[in-house]
Amino acid sequence: MLYIMRHGKTEWNAKHKLQGRTDIPLSDEGRAMAENAGNAYRHIHFDVCYCSPLVRAKETAEILLKDRNIPIITDDRLVEMSFGVYEGKENCLDTDGSEIQTLFKSPEKYVISVDDGESLDELYSRTGEFIKEIIEPQLKDNKDILIVGHGAMNNSIICQINEIPVEKFWSTGIENCKLIKLK
């Protein structure tokens, strides 16, 4: 089986700041969410956990899997999408006509990346490579795999696995510390 989870909340989540690759730690609320998720999902078997190298995802995985003897392996391909110059800005999705607003409201029209950012094609390429090289062989061996990551990065995996078109990229509505079963 394949499962995916988004990290717990951060102070930037609470302030509606776009995080992207900025390495923001969990807030106390985020740590409590991860601990509650660990209790709620304790009965689910995982052979391995793959995780983004960003601290909010690593910390979520560590709290979630505490005392379970499950290896947590970071992979750079699971880092969050880069939002370039928009990272750290509050309420930037409300900026009419901006590239970042296009990404979040009409992702199928987002064909170029923001300054210093990443395109959806780049995101899909690296997460697709991770799926093919790491996930698919282990699923064939009947392994139970958990991925702990981020909103956009997780959505790219969910869309590829479930063959969801890019115009519905954000339709999965992945919540912090909610476990989603994919395969």
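The values are calculated or read from the model by the stated rules, or taken from the named source; none is laboratory data. Everything numeric in this text was worked out from a predicted model, so none of it was measured. Ideal geometry is used to build each Cβ from the backbone, glycine not excepted, and the neighbour counts take in all protein chains shown.
Residue by residue, here is whether (1) crowded, with 19+ Cβ neighbours inside 10 Å; (2) in a helix (DSSP H, G or I); (3) at pLDDT 95 or above holds:
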| position | (1), (2), (3) |
| --- | --- |
| I24 | yes, no, yes |
| M33 | yes, yes, yes |
| A37 | yes, yes, yes |
| P53 | no, no, yes |
| E59 | yes, yes, yes |
| E62 | no, yes, yes |
| N69 | no, no, yes |
| E80 | yes, no, yes |
| D96 | no, no, no |
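Are there any pairs with C-beta distances below 7 angstrom linking a residue in segment 153-177 that is under 18 Å from L78 (Cα atoms) to a residue that is small (G, A, S) and outside any helix (DSSP H, G or I), with the two at least 6 apart or on different chains, and if so which?
Once the first residue is under 18 Å from L78 (Cα atoms) and sits in segment 153-177, its partners that are small (G, A, S) and outside any helix (DSSP H, G or I) give M153/S52; N176/G8; C177/G8.
Let me spell it out: the conditions are (1) in contact with a helix residue (DSSP H, G or I) (Cβ under 9 Å, 6 or more places away or on another chain); (2) in a helix (DSSP H, G or I), and I112 meets all of them except one. Which number is the exception?
Among (1) in contact with a helix residue (DSSP H, G or I) (Cβ under 9 Å, 6 or more places away or on another chain); (2) in a helix (DSSP H, G or I), the lone unmet condition for I112 is (2).
Only residues that are free of Cβ contacts under 8 Å to residues at least 12 places away in the same chain and farther than 17 Å from K17 by Cα: list them for segment 63-94, please.
D67, N69
Would you check which residues across segment 39-51 are crowded, with 16+ Cβ neighbours inside 10 Å and assigned to a loop (DSSP other than H, G, I, E, B) and list them?
Within segment 39-51, Y41, F46 meet the criteria.
State which residue is surrounded by the fewest Cβ atoms within 10 Å (Cβ to Cβ) when the search covers only segment 126-183 and only residues that are in contact with a Cys (Cβ under 8 Å, 6 or more places away or on another chain) and part of a helix (DSSP H, G or I).
Ranking the qualifying residues of segment 126-183, first place goes to K168.
Looking at (1) out of contact with any Cys (no Cβ under 6 Å at 6 or more places or on another chain); (2) farther than 17 Å from K178 by Cα; (3) part of a helix (DSSP H, G or I); (4) touching a residue at least 12 places away in the same chain (Cβ under 8 Å), find the lone condition where Q101 falls short.
The failed condition is (4).
Is at least one residue of segment 126-141 aromatic (F, W, Y) and modelled with pLDDT under 95?
no
Can you pull out the residues in segment 108-125 that are surrounded by fewer than 19 Cβ atoms within 10 Å (Cβ to Cβ), modelled with pLDDT of 90 or more and of a type outside the set (S, T, N, Q)?
If the condition is that a residue be surrounded by fewer than 19 Cβ atoms within 10 Å (Cβ to Cβ), modelled with pLDDT of 90 or more and of a type outside the set (S, T, N, Q), then E108, K109, D121, E122, Y124 are the ones that fit.
Since P53 meets every condition but one in (1) in contact (Cβ under 8 Å) with a residue 60 or more places away in the chain; (2) within 30 Å of D115 (Cβ to Cβ), which condition does it not meet?
(1)
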